[in-house]
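Working notes, beginning with the structure itself.
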Amino acid sequence: MDEIAKPDQLLEKLADDLKILLVEREIDDPLMVGIHTGGAWIANRLHAKLGISRPLATLDISFYRDDFSRIGMNPRVKPSSLPPQVEDRHIILVDDVLQTGRTIRAAMNEIFDYGRPASITLVCLVDRSGRELPIQADIIGQHLQISPQQHIKLGGPDPLEFVIN
């Protein structure tokens, strides 16, 4: 298994890389959206570091998952808080761990129910192997190689720490 960096170190890298990407893409007024729960924690910190003026939005993709018949419904479903208008907005979608791609697919489905964004930039703290859908992040804190039987989860919100089991 690879050595994993501390979440706060990875957050600094995400913020630096995201600033550069937003300049390159000439995006000056993005809408940041964090996926509950770990992605929302990361998005909250990135939102502050980048000084984004629009309010932070959050998604709970529980009803959009395609695997809840296998894993069950999350007993703590939280409401999503997206602005009513995402049409033609540049969205920064933030999640903690990218593995199969199914969470991101569900998040994009929910976003598109609100409208068609101009673009979606995907930011993930950790990218681990195990993709089932052709989804990749634009900004990644760390690529992590762990065995398929292991799982990584972000604990928090304060302090942020990784749990691998």
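Observations on the structure shown:
- All conditions in (1) over 14 Å from residue 96 (Cβ atoms); (2) in contact (Cβ under 8 Å) with a residue 24 or more places away in the chain; (3) out of contact with any Gly (no Cβ under 7 Å at 6 or more places or on another chain) hold for residue 56, with the sole exception of (3).
- Residue selected from region 53-71 under the condition in contact with a helix residue (DSSP H, G or I) (Cβ under 8 Å, 6 or more places away or on another chain) and in a loop (DSSP other than H, G, I, E, B), by the criterion modelled with the highest pLDDT: 56
Per-residue answers, yes or no, for (1) of a type outside the set (A, V, I, L, M); (2) surrounded by fewer than 21 Cβ atoms within 10 Å (Cβ to Cβ); (3) not in a helix (DSSP H, G or I):
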{"position": "100", "(1), (2), (3)": "yes, yes, yes"}
{"position": "104", "(1), (2), (3)": "no, no, no"}
{"position": "108", "(1), (2), (3)": "no, yes, no"}
{"position": "113", "(1), (2), (3)": "yes, yes, no"}
{"position": "149", "(1), (2), (3)": "yes, yes, yes"}
{"position": "159", "(1), (2), (3)": "yes, yes, yes"}
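- Residue in region 28-41 that is closer than 19 Å to residue 141 by Cβ, surrounded by fewer than 17 Cβ atoms within 10 Å (Cβ to Cβ) and charged (D, E, K, R) present: no
- Residue match in region 140-147 (condition: under 30 Å from residue 23 (Cβ atoms), among the aliphatic types (A, V, I, L, M) and touching a residue at least 24 places away in the same chain (Cβ under 8 Å)): yes
- Residue tally, condition touching a residue at least 24 places away in the same chain (Cβ under 8 Å), farther than 20 Å from residue 101 by Cβ and not in a loop (DSSP other than H, G, I, E, B), over region 23-49: 7
- Test result for residue 130, surrounded by fewer than 18 Cβ atoms within 10 Å (Cβ to Cβ), without any contact (Cβ under 8 Å) to a residue 60 or more places away in the chain and under 21 Å from residue 66 (Cβ atoms): yes
- Pick from region 128-147, criterion in a loop (DSSP other than H, G, I, E, B) and among the aliphatic types (A, V, I, L, M), ranking: nearest to residue 38 (Cα to Cα): 137
- Near pairs, Cβ below 6 angstrom, 6+ apart or cross-chain, from region 1-22 (touching a residue at least 60 places away in the same chain (Cβ under 8 Å)) to any residue that is surrounded by fewer than 14 Cβ atoms within 10 Å (Cβ to Cβ) and basic (Lys, Arg): none
The values are calculated or read from the model by the stated rules, or taken from the named source; none is laboratory data. What you are looking at is a predicted structure, and each value in this text was computed from that prediction instead of being measured. Here the Cβ is made from the backbone with ideal geometry for all residues, glycine too, and neighbour counts use every protein chain on show.
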